[in-house]
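Undergrad: Let me give you the structure first, and then I'll get to my questions.
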Amino acid sequence: MAGIYLHIPFCKQACHYCDFHFSTNTDRIEEMIQMMAKEANLRKDFLGNETVETIYFGGGTPSLLEPKWIDYLLQKLDSIFPTNLKEITLEANPDDLTVERLQSWKSMGVDRLSLGIQSFDNRLLNYYNRAHTAQESKDAIKKARSAGFSKFSMDLIYGFPAKDHSIWKKDLSLAFEQNPGHLSCYALTVEPRTALGAWEKKGEFIQADEDFVAEQFEILQEESEKHGYRQYEISNFAPEGKEALHNTNYWRGIPYLGLGPGAHSFDGSMRTANIRNNALYIKQVQAGTFRSEREDLAQEDILNEYILTSLRTVWGLDLDYLQTRFGKNLKQEKASRLQQLEEAGWLLWSGNTLSLSKSGKLLADSIASTLFYESP
């Protein structure tokens, strides 16, 4: 099995926290979409003969596109790759959800919407420079359900510096009130090449301290559990059986092809990254000289990545798989470190599978890194 990710590199405006590749100049949308289809053809052998089961339109803002371009890309992919599609996700902002677009997306096979809500508070939305309002956030799922959609995810941001947790608690309350079936929640991160990064450098923005952010993470865990949403990955919550198939495959090491400027790909032993420049990307693909930055992964890299990603999920780190696939006996070779982590209350055992406790999830990446293997 395999997945395809399409990076649509256009937005109405720049969100103040966003470091993803995008442009607010939409003059070359048609040309870009055609070049993404051409890239798919140029790289049709990347996935071998694996059947494509998931497609994910991300960005940027895919919901900006005229529906005909979503349909165009889906038709092209179907003609190039063997497919048995189980999920087609499209990231959408609430202000783009017109009846016409929703009906068009549904008719062409899009069956899951990932909604960029971020907050239900107008003050925060304005501060983040989001294009939608709190009311549009509240109306988003209702409008999409009316068009026949039943599978959703909501993106929310926590960790904004405030005097208390009231905004975050209200955001969660409103989200669960609509029962989207899936939440993706991320701590506010300040990246250098963003407005927030520039403000922080000038002393005009001060991040919330680690304890405040950790408290909001714990509130998220508690509220999700109350509403029957399982934390199946550090940032992702859903009732059992409603997990995102495409994203889950990332964490399980399933190959995927990324199309478009700034997109990443993985074939099981190699990663590639496309150039983060719209004009240069178009020029390269037009000329047939398209090249991705390539990283060949050593066995230890693949092993450590499995440790990192598996510990982030509810399914945990399978020590039997580790032994069979990599010839590593982690229980024996990392015994001292495992004992320290277990005594700290950060690890849980289920048979021969290792997972993180609630408190351990606060430190997921740092815990995983202490279990990494070094190259010989």
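Undergrad: Under the 0.36 nm per residue contour assumption, what length would be gained going from the current alpha-carbon distance of residue 363 and residue 299 to full extension?
TA: Details: separation 64, 0.36 × 64 = 23.04 nm, distance 2.50 nm.
Extra length available between residue 363 and residue 299 comes to 20.5 nm.
Undergrad: Among 210, 136, 233, which one shows the highest mean-square fluctuation when the chain is modelled as a Gaussian network with alpha-carbon springs under 10 Å?
TA: Comparing 210, 136, 233 in a Gaussian network model of the chain, the most mobile one is 210.
Undergrad: For the chain, give me the percentage of DSSP beta bridges that are antiparallel, rounded to the nearest 5 percent.
TA: Values: 20 of 51 bridges.
Of the beta bridges lying entirely in the chain, close to 40 percent run antiparallel.
Undergrad: Give the value in nm², to one decimal: projected area of the alpha carbon convex hull of the chain, averaged over all directions. Present the calculation step by step, with values, prior to reporting the outcome.
TA: Working: hull surface 78.2 nm².
The Cα convex hull of the chain, projected and averaged over all directions, gives 19.5 nm².
Undergrad: When we measure straight from the Cα of residue 106, which aspartates and glutamates land under 14 angstrom away, once same-chain ones fewer than 8 places off are left out?
TA: List returned: 66, 71, 87, 91.
Undergrad: Something else now. So if R0 is 22 Å, what FRET efficiency would residue 343 and residue 218 give, r being the distance between their Cβ atoms, rounded to the nearest 0.05? Spell out each step's value before the answer.
TA: Working: r = 21 Å, r/R0 = 0.96.
The calculated FRET efficiency here is 0.55.
Undergrad: Evaluate 2.2 N^0.38 Å with N set to the residue count of the stretch 1-126, then give the Cα radius of gyration divided by it.
TA: Values: Rg = 15.1 Å, N = 126, 2.2 N^0.38 = 13.8 Å.
For the stretch 1-126, the normalised Cα radius of gyration comes out at 1.09.
Undergrad: Using only the alpha-carbon atoms of the stretch 238-376 as identical scatterers, what base-10 log of I(q)/I(0) does the Debye formula give at q = 0.09, 0.17 Å⁻¹?
TA: For the stretch 238-376, the Cα-only Debye profile gives -0.36, -0.98.
Undergrad: Could I ask something else about it? Calculate the spin-label point distance for residue 122 paired with residue 227, positioning each point 7 Å from the Cα along the beta-carbon direction, and give it in nanometres.
TA: 2.3
Undergrad: Just the number: Rg to Rh for the stretch 299-369, Cα atoms, Kirkwood Rh, two decimals.
TA: Values: Rg = 11.2 Å, Rh = 12.1 Å.
On the Cα set of the stretch 299-369, Rg over Rh gives 0.92.
Undergrad: Let me ask another. By residue number, which cysteines of the chain lack any other Cys whose Cβ falls under 4.7 Å from their Cβ?
TA: Isolated Cys, the chain: 11, 185.
Undergrad: Given a Förster distance of 35 Å, report the FRET efficiency between residue 320 and residue 165 from their Cβ-Cβ distance, rounded to the nearest 0.05.
TA: Working: r = 41 Å, r/R0 = 1.17.
Efficiency, rounded to the nearest 0.05: 0.30.
Undergrad: Gaussian network model of the chain, Cα springs within a sub-10 Å range: biggest mean-square fluctuation belongs to which of 181, 268, 59?
TA: Its mean-square fluctuation being the largest, the pick is 268.
Undergrad: Still on this structure: Which peptide among 336-344, 240-248 comes first, and what is the full order, when sorted by highest mean count of other Cβ atoms within 10 Å?
TA: Details: 336-344: 13.3, 240-248: 17.6.
Going from most to least packed, we get 240-248, 336-344.
We did not get these values from a lab; they are worked out from the coordinates using the rules stated. Worth saying up front: this structure is predicted, and the values here are computed from it rather than measured. Don't worry about glycine lacking a Cβ; one is built from the backbone with ideal geometry, like all the others, and counts go over all protein chains shown.
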